[in-house]
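Colleague: Starting off with a structure, shown below.
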Amino acid sequence: MKNSSRASLILNCIFWGVIGLLVAASFIFSSREHSLKEHVIDYLVFGSINVAVFYINYIVLIPELIKKRKQYLWYVVCFVLLIAASTGIKTVVAMLNPELVLQYTSDDGKIHNISTANYVVTVVFIAGFFLVSSSIIKFAVDWFSNERIQRNLESEKKDMELQFLKSQLNPHFLFNSLNNIYSLAYQKSDKTADAILKLSEIMRYMIYESNDSWVSLDKEVEYVESYVELQKLRFKDGAAVEITINGVIDGQKIVPLILISFVENAFKHGVANDTEDPIRINIIANQKILHFSVTNKKNTTNKDAVGGVGLNNVERRLQLLYPERYKLNIVNTPTHYTTELMLDL
C-alpha cells in the first residue's frame, strides 16, 4: 500500500509539474498583458475545474464504478457528464467575461473574437485530456501495485512451499535413519551407540545450520559423508561406497539438504554391500559449477511398498531455488540407477 501511494504521488507530481511548465511557458511567450482578473479566471476558476475533473475521475469514478462495481456503462455516462459539466461551467464563465476569454489581441494590435462553438470544442478537448490523463495514471498506478502484490504473493507462496518441502525432508530422513538404528539395536550390535552419535551430529546440521538459505558447499559435502558413515554402520563388514571429490571446494554456497536425497535413494533402493560394484558418489566442483552424481546397483529383492518423498521433493526444490540453473539427468537401466545433477553455483 505504501509503495502504491508513493507511485501515485510521483506520477501525479510529474503530470502536474509538466502541466505547470506548459502553462508558465504559455504566459511567458504570450504577447498579451494579463490583468489580475484574467489570472484569477485562468488559475482559480479554469485551473480548479481541470483539477476537479482529473481527481473526480481518479478518486471516485474509476475506483467506484470500474474497480469495485464493474459498471462500465455507468462510467461512460459519468465520463460524458463530467465533460459536459466542466464545459458548461467554463462556457458560462467565458460568456460572463467575453473580453477576457473570448477575445485575443494579435501581434498587429487587432482584437479578434473567438466563436462560442470553437471555444466549446476547445474546452471539451481540454476536459477530455484531463480525464484521459487521470485514467492513464490511475491504471498505471494500479497495474504497478497489482504487479508488486502478485510478486509478493508468489514469493510468499514459494517460501511456504519450500518450508513445507523442508519439513517433509527432515522427518523422511529421520524415519529412515531410525529404521536403520532399530535394525542395529534389534541385532544387539555394538555399532548402535556409534550410529546414534552419528545421527545426532547429522540432526544438529539439519536443525541448526541448514536453517540458513545457503550453506557452504564443504559443509553440505561433510553432511553427505557423515550420512554415508552412518549407513556403513548398518552392515557387518561396512557398506561398499566410493566417494570421489575432484576440483576445488572453497567457499561456494549451496542450498542445504539438496544432495542428500540422491545418496539416500541409492542406499534405500540399491545394493550397498557389493564390493565389486559399490555405490559410487562423484563430486566435481569449481567456483561456478557443481557436478554431482550417484550410481548404484539395483536391489531387485528390496521393493518398498510405500515410495519415498526424497527425489520428488528435491526436484521441486531445484525448480524453485535454481530456476534455469540446474540440469537433472536420471539414467534407469535394468541393472543400475544413476542420478546426475549439474548446478550453477
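The values are calculated or read from the model by the stated rules, or taken from the named source; none is laboratory data. Quick caveat, the model's predicted, so the values are computed rather than measured. Note: ideal-geometry Cβ built from the backbone for every residue, glycine included; neighbour counts use all protein chains shown. Please note that ligands, DNA and RNA were not included when accessible areas were found on the heavy atoms of the full protein model with its side chains. Shrake-Rupley method; radii C 1.70, N 1.55, O 1.52, S 1.80 Å.
Colleague: Please give the number of the condition residue 70 fails out of (1) within 37 Å of the chain's Cα centre (by Cα); (2) of a type outside the set (Ser, Thr, Tyr); (3) assigned to a helix (DSSP H, G or I).
Modeller: Result: residue 70 passes all but (3).
Colleague: Name the pairs whose Cβ atoms lie under 7 Å apart, with the first residue in segment 223-237 and in contact (Cβ under 8 Å) with a residue 60 or more places away in the chain and closer than 14 Å to residue 187 by Cα, the second open to solvent by 30 Å² or more (accessible area, probe 1.4 Å) and hydroxyl-bearing (Ser, Thr, Tyr), and 6 or more positions between them or separate chains?
Modeller: Hits for this filter: zero, empty list.
Let's see how each residue does on (1) in contact with a Phe, Trp or Tyr (Cβ under 8 Å, 6 or more places away or on another chain); (2) of a type in the set (S, T, N, Q); (3) closer than 30 Å to residue 335 by Cα:
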| position | (1), (2), (3) |
| --- | --- |
| 178 | no, no, yes |
| 190 | no, no, no |
| 202 | yes, no, no |
| 230 | no, no, yes |
| 239 | yes, no, yes |
| 249 | no, no, no |
| 259 | yes, no, yes |
| 262 | yes, no, yes |
| 279 | yes, no, yes |
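Colleague: Next up: Would you be able to tell me the number of residues in segment 188-202 that are of a type in the set (A, V, I, L, M) and surrounded by 14 or more Cβ atoms within 10 Å (Cβ to Cβ)? Break it down stepwise before answering.
Modeller: Looking only at segment 188-202, we keep the residues that are of a type in the set (A, V, I, L, M), and these are 193, 195-197, 199, 202.
Among the residues that remain, those that are also surrounded by 14 or more Cβ atoms within 10 Å (Cβ to Cβ) are: 195-196, 199, 202.
Residues flagged as of a type in the set (A, V, I, L, M) and surrounded by 14 or more Cβ atoms within 10 Å (Cβ to Cβ) within segment 188-202 amount to 4.
Colleague: Among what's in segment 112-134 and is touching a Ser or Thr at 6+ places or on another chain (Cβ under 9 Å) and of a type in the set (Phe, Trp, Tyr), pick the residue that is farthest from residue 16 (Cα to Cα).
Modeller: Out of the qualifying residues, it is 119.
Colleague: Next question, about the same structure. Search segment 285-312 for residues being touching a Leu at 6+ places or on another chain (Cβ under 8 Å) and assigned to a loop (DSSP other than H, G, I, E, B), and hand back the single one that is modelled with the highest pLDDT. Walk me through it before giving the result.
Modeller: Applying the first criterion (touching a Leu at 6+ places or on another chain (Cβ under 8 Å)) to segment 285-312 yields 285, 287-293, 309-310.
Still in the running and assigned to a loop (DSSP other than H, G, I, E, B): 287-288, 309.
Working: 287: 85, 288: 88, 309: 51.
That would be 288.
Colleague: Can you say whether residue 119 is open to solvent by less than 40 Å² (accessible area, probe 1.4 Å), over 30 Å from residue 203 (Cα atoms), modelled with pLDDT of 75 or more and among the hydroxyl-bearing types (Ser, Thr, Tyr), as far as the supplied structure shows?
Modeller: When the stated conditions are applied, residue 119 passes them.
Colleague: Mind checking whether some residue in segment 261-275 is open to solvent by 50 Å² or more (accessible area, probe 1.4 Å) and either part of a loop (DSSP other than H, G, I, E, B) or of a type in the set (Gly, Ala, Ser) (or both)?
Modeller: Yes - at least one qualifying residue is present in segment 261-275.
Residues are listed down the side, and each one gets a yes or a no for (1) touching a helix residue (DSSP H, G or I) at 6+ places or on another chain (Cβ under 8 Å); (2) modelled with pLDDT of 85 or more; (3) open to solvent by 80 Å² or more (accessible area, probe 1.4 Å); (4) not hydrophobic (A, V, I, L, M, F, W, C):
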residue: 20; (1), (2), (3), (4): no, no, no, yes
residue: 59; (1), (2), (3), (4): no, yes, yes, no
residue: 84; (1), (2), (3), (4): no, yes, no, no
residue: 89; (1), (2), (3), (4): yes, yes, yes, no
residue: 92; (1), (2), (3), (4): no, no, yes, no
residue: 99; (1), (2), (3), (4): no, no, yes, yes
residue: 107; (1), (2), (3), (4): no, no, yes, yes
residue: 110; (1), (2), (3), (4): no, no, yes, yes
